[in-house]
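Contents: one structure, followed by commentary.
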Amino acid sequence: MNIHPLSDVQTARIGGNTRIWQFVVILPDARIGADCNLCSHVLIENDVIIGDRVTVKSGVQIWDGLRIEDDVFIGPNVTFTNDPFPRSKQYPPAFPVTTVKAGASIGGGATILPGITIGRGAMVGAGAVVTKSVPDYAVVVGNPARVVRYLGGNDERGGTDPAAQSGARGGQDAELS
């Protein structure tokens, strides 16, 4: 584990070989996996679980209720939210759980609303506003985010196109679930 001296790491639950850069704040109850890279100016709250080999680029806040599985990439300045009806000094009894499944990638500047799931191997385009759950291996872009295609085959870093396997038409006619 490599923790920069200018970071504020309050948890001991961090896997081996994880790198934590300057000005990172991690609260006491967070769990961070092995071989992660947490770039500068990242905030991680208490009720957060991060898997192994996760990259979190600069300027990301990971709020209570987030579950990030293995091999996820989170680009710079991605915005996660965790309260569907925020009001000053008024908190929900529990924050909705937002899950980013294994192998998913979220492009820089994307906004992820609370209580949704980003599917396994999915890709969220830079600047997208994700208001609904994203299917496995889908590529979503825009505001609100829409499925534009599915990753498939071994030539793309993803998986198989679930629509192609079932004989359904995928790609541009697909919608978010």
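Each value in this text was obtained by applying a stated rule to the coordinates, not by laboratory testing. Every value quoted in this text rests on a predicted model; they were computed, and no experiment measured them. Cβ sites come from the backbone with ideal geometry, for glycine too, and all protein chains shown count toward neighbours.
Report whether or not N143 is polar (S, T, N, Q) and closer than 24 Å to D8 by Cβ.
Judged against the criteria, N143 is not a match.
Here is a list of conditions, (1) on the phi > 0 side of the Ramachandran plot; (2) surrounded by 16 or more Cβ atoms within 10 Å (Cβ to Cβ), and N17 meets all of them except one; can you say which number that is?
Looking at each condition in turn, N17 falls short on (2).
Could you identify the single residue in V60, V25, V72 that is free of Cβ contacts under 8 Å to residues at least 40 places away in the same chain and surrounded by fewer than 18 Cβ atoms within 10 Å (Cβ to Cβ)? Walk me through how you get there before you give the answer.
Values: V60 fails: surrounded by fewer than 18 Cβ atoms within 10 Å (Cβ to Cβ); V72 fails: surrounded by fewer than 18 Cβ atoms within 10 Å (Cβ to Cβ).
Of V60, V25, V72, the one residue that is free of Cβ contacts under 8 Å to residues at least 40 places away in the same chain and surrounded by fewer than 18 Cβ atoms within 10 Å (Cβ to Cβ) is V25.
Which residue is nearest to I49 (Cα to Cα), if the candidates are limited to the range 12-22 and must be assigned to a loop (DSSP other than H, G, I, E, B) and under 20 Å from the mean Cα position of the chain (by Cα)?
Ranking the qualifying residues of the range 12-22, first place goes to R13.
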